[in-house]
Amino acid sequence: MAADELVELKFRLADGSDIGPSKYNSSATVSSLKEKIIAQWPKDNENGPKSINDIKLINAGRILENNRTLAESRLPLSEIPGGVITMHVVVRPPISDKNSDKLQDNLPKKGGCFCTIL
């Protein structure tokens, strides 16, 4: 992949909808792509990501790292020149609230001994 080559990407969300396609420079970082995904996230979807750490981008079965560029991630080239590469977006589930944490505290601790000595 050439240093300043444009790559056409679309992002497939869990509900089957897409963001894009749009063209990106191959020197763009994965974290900058995630920022654009958050900005373009459908407003009617209430479980959207809050930060780039809430998103995983998957391409060709590999999770892309935030600090790498598209060129460093070695995206497979489309078989058709000018084709669109589809990346899958996985959103980390929201962190549980304090009420469910209290329920966890009431559960017996694993690894503890509940033996009775006679």
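At-a-glance table
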| read-out | value |
| --- | --- |
| Subset of Lys10/Lys36; Lys10/Lys50; Lys36/Lys56 violating a 18 Å alpha-carbon distance limit | Lys10/Lys50 |
| Label-to-label distance, nm, for residues given as Val84 and Ile38 (7 Å Cα→Cβ offset) | 2.5 |
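Computed from the coordinates by the stated procedures, all read-outs in this text should not be read as laboratory data. This is a predicted model, so every value here is computed, not measured. Reconstructed Cβ throughout: ideal geometry from the backbone, glycine too, with neighbour counts over all protein chains shown.
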